[in-house]
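Below: the structure, in C-alpha cells.
The values are calculated or read from the model by the stated rules, or taken from the named source; none is laboratory data. Bear in mind the structure is a predicted one, so any value in this text is a computation, not a measurement. Neighbour counts run over all protein chains shown; Cβ positions are idealised from the backbone, glycine included.
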Amino acid sequence: MTRSRVLVGAITAVLVLGGAGAWWLLRTEEDRVRAVIQEGAAAARARDVVRMDAILAPDFTTSRGLPRAGALEALRYAFQQRYREIDVELGPDPLPVKLEQQETRAVVLLDVRAVGRTAPGAPAEDVLALAQTGNRWVVRLTLREDHWLVVGLDTGVR
C-alpha cells in the first residue's frame, strides 16, 4: 500500500471518529432522555429484562404502586413466558421531553403501541390492553451520576 493511501485512510478514520465524538458532545439532555425511552422500547422488542432493568432506578414505581421488583417480574413473565415476539411503537416523533429542576428531572408524555405474538405467525395481541394499561404514558426520569433513569411510570393517562 502506498504511503498516500495510508495517510488518506488515517485522515478518514480520524474524521469519522472525530465526527462521531462531536455528535456525542452535541447531544442535548432531551436527546439523552429520548435515548433512554428508545432503549426501553428496544429492550421490549428484544424481550430483554436485563436491558430493561438497567434503565429503571432503584426507587422506580408505577402510578398503581407497583415497585421496581414487581414491574421486573411482570416483564419477565411477558418476555420469557407469554410472548415470543413483541413490537413496540412510540410517538410522537420526536418524543416531547420536559426538563425540570435544573435539568435533573424529566417528564415524557408519549403514545405507546405494543403488539405481541405467543408464537411466530400467531395472531397479534394488544399487549397493553391485556395488561389493562392505557396507550398514553407519562414517564418520569431523574439524572443520577450522569445517567438518566426511569423513576416513575403512569400508564393510565387520558
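Quick one: which of P96, P120 is surrounded by fewer than 16 Cβ atoms within 10 Å (Cβ to Cβ) and at pLDDT 95 or above?
Details: P120 fails: at pLDDT 95 or above.
Sole residue among the options that is surrounded by fewer than 16 Cβ atoms within 10 Å (Cβ to Cβ) and at pLDDT 95 or above: P96.
The criterion of at least 1 residues that are polar (S, T, N, Q) is met by the following helices (runs of 4 or more DSSP H) wholly inside region 23-90: 29-46. Condition first: of a type in the set (A, V, I, L, M) and touching a residue at least 60 places away in the same chain (Cβ under 8 Å). Now tell me which residues in region 52-70 satisfy that. Once the filter is applied, which keeps residues that are of a type in the set (A, V, I, L, M) and touching a residue at least 60 places away in the same chain (Cβ under 8 Å), region 52-70 yields I55, L56, A57. Of all residue pairs spaced 6 or more apart or on separate chains, those with beta-carbon atoms under 8 Å, a first member in region 112-128 that is closer than 21 Å to L153 by Cα and in contact (Cβ under 8 Å) with a residue 12 or more places away in the chain and a second member that is of a type outside the set (S, T, Y) and in a loop (DSSP other than H, G, I, E, B) are V112/N135; R113/N135; V115/A124; G116/A124; L128/G134; L128/N135. The single residue among T133, T142 that is assigned to a loop (DSSP other than H, G, I, E, B) and either loosely packed, with under 15 Cβ neighbours inside 10 Å or of a type outside the set (G, A, S) (or both) turns out to be T133.
Looking at region 107-117, is at least one residue outside any strand (DSSP E or B) and touching a Ser or Thr at 6+ places or on another chain (Cβ under 9 Å)?
Just the residues of region 107-117 that are outside any strand (DSSP E or B), to begin with: none.
Looking for residues that are outside any strand (DSSP E or B) and touching a Ser or Thr at 6+ places or on another chain (Cβ under 9 Å), one finds none in region 107-117, hence no.
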